[in-house]
Amino acid sequence: MNLAQRTILITGGTSGIGFELAKQLLHRGNTVIVTGRDQKRLEEAKQSLPGLNTIQSDVSDPSAIVRLYGDVLAQFPDLDTLINNAGVMRKLTLDQDRDLMDVTREIEVNLCGPVRMVQQFLPHLKSRKDALIVNVSSALAFVPMPIAPVYSATKSAVHSYTQSLRVQLKGSRVTVVELAPPGVETPLFRGEFAEATKNMSAMDVKVLVKKAIHGIESGCDEIRPGESNLLKLMSRLAPGVALKLLSGMSKPK
């Protein structure tokens, strides 16, 4: 698959992996649309990347997804690629009081978001000649980091969902790819987790995106750069060791 001259929608594209995907895919001659919740950050992204298209939308809101679908197809009827990248990662201590709606926030964004986006856009994508869906999971899909319990659970679920989606769409015009990044130098990885991850190495986001594009163009169904591949292997051969490793690096205070 050639990632050029395509029309690509990226959720959560104002920073981190999503922004770098938009940047590199724009440079390859694609039409790129990114979404985000914050209009100011969307405007800043557009200023940084001339030619970028932006639409304010929240993947945790089903009605916003319906509106997004209408807006995108009205402006970009040739849409053939959906990259579900929007995500939230939080440090949660589960034995502390927390609002019941708040504790599932990551599920709404990280899991319900991609599932609903695919459900809404799939009929259109199936009508395209060579469509592509990319779901961004994480190395933590294979081994959880206990300090981020709900995030880890959502990424494991995205991994499972993507496998099933790929099987169900076999023989269709839609290719389904999973990108499972390792720790990447982004605001999401450091931010709230700066202290917990200070001794952990992280991949440069430019390198990660180059590897992702190469993997997609090479026909990989599951792209696991760097330590992601190691964690998947450890989850099979020594799951207890892998969990202990991540637990020791990031014990909740």
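The values are calculated or read from the model by the stated rules, or taken from the named source; none is laboratory data. Treat the numbers as computed from the prediction; the structure is a model and nothing was measured. All accessible areas refer to the heavy atoms of the entire protein, side chains included, with ligands and DNA or RNA removed. Shrake-Rupley method; radii C 1.70, N 1.55, O 1.52, S 1.80 Å.
What to note about this one:
- When residues of segment 51-73 are limited to those that are in a helix (DSSP H, G or I) and among the small types (Gly, Ala, Ser), the one nearest to LEU25 (Cα to Cα): GLY70
- If only residues of segment 145-190 that are farther than 15 Å from VAL118 by Cα, of a type in the set (Ser, Thr, Tyr) and open to solvent by 10 Å² or more (accessible area, probe 1.4 Å) are counted, the one that is modelled with the lowest pLDDT is THR186.
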